[in-house]
Structure formats: C-alpha cells, structure tokens
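Worksheet: the structure to be examined is printed underneath.
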Amino acid sequence: MGYLYDTGFAQFIPTGAVLTSGGTYSNTILSGGLVYRQRTAADAAFTIAMPVAIPSNNGIRKGCLLKSVEFLYQISTAELDAITPVELYKIAFAADGTPTATDIGITLNADALSSALRKTVAYHRIVATLNTPVWVDNDATYNLRIDLDGSATGVFRIFGGIANFTLSA
C-alpha cells in the first residue's frame, strides 16, 4: 500500500449531527433532497454546537490536519438580535476519560467578521480558519460553538457544515 498525503480533503457534517439548545426545532426534507433543521422564531437565546467528525490518529503527522470548519445556515423573515461569539473548542480526553476543553484560535471569513454581518436575513457561510492547523489526535475531538440571540419573528435554518483538512496515511 502506498503513502497518502492529500491537502484537499473535506467532510460534510449533516444537520442531524449539529446539536442545538433552546427553542423548538423541526427537521424538513424538501423535494430535490434539501434537508435542514429549523428553529421556530422566538425572542430567546440559543446555542449551536457542531462536532467536527473527521478521522484521527495517534501517529505523528498522520490522520487529519484540521484547517478550517464551515457552518451553513439561513435566517429568514427577520434578522436575529445577535450571533456572537463563534468559537472552536478542542475536547481532549485523559486516560481516565476526563474531558478538558480548550478554545482554539480561529479567524473568520470577511462575511462573518461581526454579529451585524452574521445575523442578517440571508443564506450564510461562516468559515472558521484555524490560526494554527492541528493534527487530530485519537483522544480528542473538536466542536464549533455559536451563541445566538433569536428575535420574535426571525427563523433560523441549519444546513450543516464542512470540515476542511489534509489527510495523511
């Protein structure tokens, strides 16, 4: 078997993998296969956590070098009150299973730099690029977390996400 080193790998993260808190959500399947999870409009805070499910490895420079994580969503009817902050966390598990969360430095794309840009009525794509790409170890995982503040009539739809990485094996 040969050696693999490909810098252009991506993994789609489906709506069903995105965790939500606060609010009432429904899954929708449209003709053509479009799937999304919709939050009923409500003037209340809620949180999105998107696990980044990509292969890991305990070898040096093997497995996946995580470079960026994208979140795809839509706001309709009315803008939300706020979407801040956007954070990426590494969750490492000790030998006894104890988890430790560490905030990973990220830079957001120009269309998502501020809450004012992220909360408008539109389709959105937040791209969180790691300031320092990381090799995903076999005892760690990554979660993108977004805190939002809904508005009385703003509808929020989740389409999923994308993890972009280098694969080495």
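Among LEU144, LEU34, the order by Cβ neighbours within 10 angstrom, fewest to most, reads LEU34, LEU144.
Whole-Hz Karplus values for segment 107-121 come out as 10, 8, 5, 4, 6, 10, 5, 9, 4, 4, 6, 7, 9, 6, 6 Hz, taken residue by residue from phi with 6.51 cos²θ - 1.76 cosθ + 1.60 and θ = phi - 60°; glycine and proline positions read x. Distance between the 7 Å Cα→Cβ label points at ALA82 and SER114: 1.4 nm.
Note on segment 5-168: Rg/Rh from Cα positions, Kirkwood definition for Rh, rounded to two decimals, is 0.99. Using a cut-off of 10 Å between beta-carbons, work out the net charge of the residues near ALA82 (Lys and Arg +1, Asp and Glu -1, ALA82 not included). Value of the local net charge: -2.
Counting only aspartates and glutamates at least 8 places from LYS62 when in the same chain, those with an alpha carbon closer than 15 Å to its own are ASP6, ASP137, ASP139.
Cut-off under 26 Å on the C-alpha distance; same-chain residues fewer than 8 positions from LYS119 excluded. Which lysines are left, in chain and number order? Counting by Cα, and skipping residues close in sequence, LYS119 has these lysines nearby: LYS67, LYS90.
If you take all other residues with their beta carbon under 15 Å from the beta carbon of TYR73, and give Lys and Arg +1 and Asp and Glu -1, the sum is +2. Length gained on full extension, THR132 to THR98, computed as 0.36 nm times the residue gap minus the Cα-Cα distance: 9.8 nm. How far apart, in nm, are two points set 7 Å out from the Cα along the Cα-to-Cβ line at THR24 and at VAL121? So the two model labels end up 2.2 nm from each other.
Ordering PHE165, PHE12 from the fewest to the most neighbouring beta carbons within 10 Å gives PHE12, PHE165. With a sphere of radius 11 Å drawn around the Cβ of ARG145, what net charge do the other residues whose Cβ falls strictly inside it have (Lys, Arg +1; Asp, Glu -1)? Taking every other residue near ARG145 into account, the sum is -3. Derived scalar couplings between HN and Hα for segment 79-89 equal 5, 7, 6, 6, 9, 7, x, 10, 9, 10, 10 Hz in order, rounded to whole Hz, by the Karplus curve 6.51 cos²θ - 1.76 cosθ + 1.60 (θ = phi - 60°), x for Gly and Pro.
Put in line by how crowded their Cβ is, counting other Cβ atoms within 10 Å and starting with the fewest, SER31, SER21 read SER31, SER21.
Coordinate-derived values only; no laboratory data. None of the values given here were measured: they were computed from a predicted structure. Cβ coordinates were reconstructed from backbone atoms using ideal geometry, including for glycine residues, and neighbour counts include every protein chain displayed.
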